[in-house]
Amino acid sequence: MAAIRKVKVKSFVANMDMGSCLEFSEGYQQIITEQGINHAYIQKHHWMQSEGIYGVLAENEGHIIGGIILFVPVDTSRFPYEDITEMSGKTKKRSPKSYSKDTGELFALWHSNHVAGWGLSYILLKAGLALSVKLGLKKTLYLSAEFNLRLIDKLGFEPEIENDSPVTYVFQQASFKTLISLNSFCPDNNQVAIHQKSEIIELASSGVSVKLESVLGKNLEVEYHI
């Protein structure tokens, strides 16, 4: 029997933890460069000193293997998706209106190529949602790629569509599906959804916990620090 891989997931506040910001930025930059993307929100280093920016890093055997950012608007600050959808001439439609301060956005999800197939995208989204619950947010937006939408659906989420009609945002070589809200789950008779929702709430309240996660047939022992 194969050994269960162990992953540590920890959250941080950007303007209070420059070390974690740099670790996130280095890994993210490497991945988007490999994908041919040369202009992204996270490349602007001012985010590291900005209020309302929270991050999650995933670590395996002492190495950073992935991460995600949670953006909470401060005053008149713009959501990352608003910048992303204006940066490319290939954008097909302007993004929807801004939201209130009880809305956040998860973005800049990445993981190292050598951990592809581990289900780390789901683990990071789950941690990001737990962080948004802990911060008291009522809505969490996510500009999702096609493959992540399939994963989200399979794991019991029922995303709300935030656009009037389905839209594909094309940003350089990356194609993103419509902007969605991840706070909704499938109906109460869906046992997968009930389990996911209760676990996210539990993660938000407990702060530190160790869970055996089974994602797409793979088992991970995840130590959460939210």
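Since every read-out is calculated from the coordinates, none of them should be taken as a lab result. The structure displayed is predicted, hence computed values, not measured ones. When we count neighbours, we look across all protein chains shown, and the Cβ atoms used for this are built from the backbone with ideal geometry, even at glycine.
Figures for the structure shown
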quantity	calculated
Chain lengthening between E61 and H195 when straightened (0.36 nm per residue, less Cα-Cα)	45.4 nm
Estimated inter-spin distance, E202 and Q30, nm [label 7 Å along Cα→Cβ]	3.3
Extension gain, H46 back to K138 (0.36 nm per residue minus Cα-Cα distance, nm)	30.5 nm
Inter-probe distance in nm under a simple model that places probes 7 Å from Cα toward Cβ, at A3 and A116	2.5
Exceeding the 20 Å Cα-Cα cut-off - candidates K126/K211; K6/K139; K138/K197; K134/K218	K6/K139; K134/K218
